[in-house]
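Data block below; observations after.
Just so it is clear, none of the values below were taken in a lab; they were calculated from the coordinates. If you're wondering where the values come from, they're calculated on a predicted model, not measured in any experiment. For neighbour counting, all protein chains shown are included, and Cβ atoms are generated from backbone atoms with ideal geometry for every residue, glycine included.
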Amino acid sequence: MGERMLDKNNTPSKVEILKYIGNDAKILLDKFDEMFAKQYDMQKELKFPFGNNYGWGYKYSHKTKHLCYVFFEHGEIDVLLQISSKNKEKLNELISQGLTMTKELWENRYPCSDGGWINYRPKTEADIKEIMRLLAFKKKPAAKYHC
């Protein structure tokens, strides 16, 4: 895990966040926001969840359904998402059709119920598209938002 914004008592400004994650991660975060908004009724909140070790991040939801967090790390972002399904065949198909990074992250996931949690640190636009594919499995994109 990279160095995160861990000062719970100091809510970072957007300028501080962007400076912290750097320009490459800013471009990826902007692309993530753009793609998320095309697929969902985007709700984005600045949060400090899960105790003192995760730090500041954006919570992304569609209406009232939580979909993922994007945590701010020095020089990058970390997308934390839970993927699960009672239909193991569909879940295995989702993972097997994914990028190499997705398969590796899934093999090393934090297990939970019928799936698990992964920390996806995107490096390219292809990674952002892959994250959106995983989110679409979790929550089908809203018809009016789907491209």
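Please work out the FRET efficiency for the pair N23 and K88, using the Cβ-Cβ distance as r and a Förster radius of 41 Å; give the result to the nearest 0.05. Once rounded, the FRET efficiency stands at 0.50.
In this structure, T124 and H74 have a Cβ-Cβ separation that, at R0 = 22 Å, corresponds to a calculated FRET efficiency of about 0.70. Tell me whether region 27-76 comes out rounded, prolate or oblate; compute the Cα gyration tensor, take square roots of the eigenvalues as a ≥ b ≥ c, and use a/c under 1.5 as the rounded threshold. Judged from the Cα gyration tensor, region 27-76 comes out oblate (a/c at least 1.5, b/c at or above a/b). Each Lys and Arg Cβ is given +1 and each Asp and Glu Cβ -1; about its Cα centre, region 1-123 then shows a dipole of about 300 debye. Between E107 and E16, the modelled labels are 4.0 nm apart [label points 7 Å from Cα along Cα→Cβ].
On a 0 to 90° scale, report how tilted helix 14-39 is relative to the longest principal axis of the chain, with both axes built from alpha carbons and the result rounded to the nearest 10. The two axes meet at around 30 degrees. Applying the criteria of a DSSP loop state and at most 11 other Cβ atoms within 10 Å to the trypsin sites (Lys or Arg not before Pro) of region 1-94 yields K8, K63, K86. The overall shape of the chain is prolate: from the C-alpha gyration tensor, with semi-axes ordered a ≥ b ≥ c, the ratio a/c is 1.5 or greater and a/b exceeds b/c. Taking chymotrypsin sites (Phe, Trp or Tyr not before Pro) across region 6-104, the ones in a DSSP loop with at most 12 further Cβ atoms lying within 10 angstrom of their Cβ are F50. For the chain, with the dipole built from +1 on Lys and Arg beta-carbon atoms and -1 on Asp and Glu ones, taken about the Cα centre, which of I21, L94, T124 lies farthest toward the positive end? The residue sitting most towards the positive pole is L94.
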